[in-house]
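What follows is a single structure, written as structure tokens, with notes after it.
Taken together, the values in this text are just the output of simple stated rules run on the coordinates, not laboratory data. In this text, all values refer to a predicted model and were calculated from it rather than measured experimentally. Cβ placement follows ideal geometry from the backbone for every residue including glycine, while neighbour counts extend to all protein chains displayed.
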Amino acid sequence: MITQPPPAASRPTRVLAVSSPGGHWQQLTSIRGAFEGMDITYITTSKEAAITVAPARLLVVPDCNRDEPMKLFACALMTLRLVRQLRPDVVVTTGAAPGLFAVMAGRVLGARTVWIDSLANSERLSLSGRIAKHFVSLCITQWSHLASPDGPRYYGEIL
């Protein structure tokens, strides 16, 4: 017997929450309550992070930064593949590179995408945030003086 997937209205919203470890991860996990009742999957670059989001599913991609192009490519490729497999309704990230790759892929696949720039970026948006701002559904800054009518928006600080 072949079964069809349930209609979108009868299943929980699929959320993909992505960030690099450290402060990005701390900020992302501090908003976990916003995903209550949703089907959430986390992606980061550290398998040790699983303890902080259990029992939610955690997937790990290669660590990367802009100074190591081959690692960036590996991270981008794996992140894109995971987003394609998971088909989230919403992709949320606090940065950095893995989050940028995830919102890019999510947007192409029709997901709503949210970039929350790190609290550490008090003078201007991060490099990834400046890129993401142009195509995400919602770009958020945690500093009121960085907000503008065309984005990013300011709703307060996470931490």
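Here is how the number arises for the chain: DSSP H runs of 4 or more residues each give -39500 (n - 2.57), the sum is divided by the residue count, and the result at 222 nm is -8500 deg cm²/dmol. Amide H contacts under 5 Å for Arg57: Tyr42, restricted to partners 5 or more places along the chain or on a different chain, H placed in the peptide plane at 1.01 Å from N. Once you list every other residue whose beta carbon is under 11 Å from the beta carbon of Leu58, what net charge do they have if Lys and Arg are +1 and Asp and Glu are -1? So the surrounding residues net to +1. Only Lys, Arg, Asp and Glu carry charge here, each on its Cβ (+1 for the first two, -1 for the last two); on that basis the chain has a dipole of about 460 debye about its Cα centre. Full extension of the segment from Arg81 to Ala147, taken as 0.36 nm per residue of separation minus the current Cα-Cα distance, would add 20.5 nm.
Full extension of the chain segment joining Val108 with Glu36 gains 23.4 nm, where the gain is 0.36 nm per residue of separation less the Cα-Cα distance. Measuring nothing but how far apart in sequence close Cα pairs (under 8 Å, 6+ apart) lie, relative to its length, the range 29-134 scores a relative contact order of 17 percent.
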